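The values are calculated or read from the model by the stated rules, or taken from the named source; none is laboratory data. Since this is a predicted model, take the numbers as computed values, not measurements. Positions of Cβ are backbone-derived with ideal geometry, glycine not excepted, and every protein chain shown enters the neighbour counts.
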Amino acid sequence: MTELEQPLWRIAKNRNLYPQEQRLAADIPLASEDFRRMADVAENHMRGRTFVVGDDVTVADFVLAYTLDWANEVKLLDRSPQLVAYMERMYARPKAPKRIAQLRAALGGS
């Protein structure tokens, strides 16, 4: 997870979080490629799998789905159809929409 999440943080910091004068626009494409290289590993791992580990959903699935959702928001899953399908399966779980809505409400989103 850290290998996927770290480049996403670099992108977020350089797009939104750092003060404008501290942002490094050139780091965004580098971080994007770092993410895609690690996503390729996850893409291969998820081939033929429903969940990250074993036959049942685990915390690893929730963390990966969240991280993939973040990556999807910044358009980094363009070469990861297995990961997109996995994320969609995770969000299609019966309790997922309610939990997502609750989280967004708690964060002040729509």
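Take segment 57-103 and flag every residue that is under 15 Å from Glu43 (Cα atoms), surrounded by 14 or more Cβ atoms within 10 Å (Cβ to Cβ) and either touching a Lys or Arg at 6+ places or on another chain (Cβ under 7 Å) or at pLDDT below 90 (or both). Matches in segment 57-103: Leu76, Gln82.
With respect to Arg15, determine if the residue is touching a helix residue (DSSP H, G or I) at 6+ places or on another chain (Cβ under 6 Å), more than 21 Å from Val84 (Cβ to Cβ), basic (Lys, Arg) and not in a loop (DSSP other than H, G, I, E, B).
Working: touching a helix residue (DSSP H, G or I) at 6+ places or on another chain (Cβ under 6 Å): no; more than 21 Å from Val84 (Cβ to Cβ): yes; basic (Lys, Arg): yes; not in a loop (DSSP other than H, G, I, E, B): yes.
No, not satisfied.
Criterion applied to Leu24, Leu30 was being over 13 Å from Trp70 (Cβ atoms), at pLDDT 95 or above and not in a helix (DSSP H, G or I), and the one residue passing it is Leu24.
Rundown of residues vs (1) under 15 Å from Thr2 (Cβ atoms); (2) free of Cβ contacts under 8 Å to residues at least 40 places away in the same chain; (3) in a helix (DSSP H, G or I), yes/no style:
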{"position": "Ala42", "(1), (2), (3)": "yes, no, yes"}
{"position": "Arg49", "(1), (2), (3)": "no, yes, no"}
{"position": "Val57", "(1), (2), (3)": "no, yes, no"}
{"position": "Asp61", "(1), (2), (3)": "no, yes, yes"}
{"position": "Leu64", "(1), (2), (3)": "yes, no, yes"}
{"position": "Asp69", "(1), (2), (3)": "no, yes, yes"}
{"position": "Leu77", "(1), (2), (3)": "no, yes, no"}
{"position": "Glu88", "(1), (2), (3)": "no, yes, yes"}
{"position": "Tyr91", "(1), (2), (3)": "no, yes, yes"}
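Does Arg10 count as assigned to a helix (DSSP H, G or I), among the basic types (Lys, Arg) and over 21 Å from Ile100 (Cα atoms)? Yes.
Annotation: Leu4 fulfils all but one of (1) assigned to a loop (DSSP other than H, G, I, E, B); (2) crowded, with 16+ Cβ neighbours inside 10 Å; (3) among the aliphatic types (A, V, I, L, M); the unmet one is (1).
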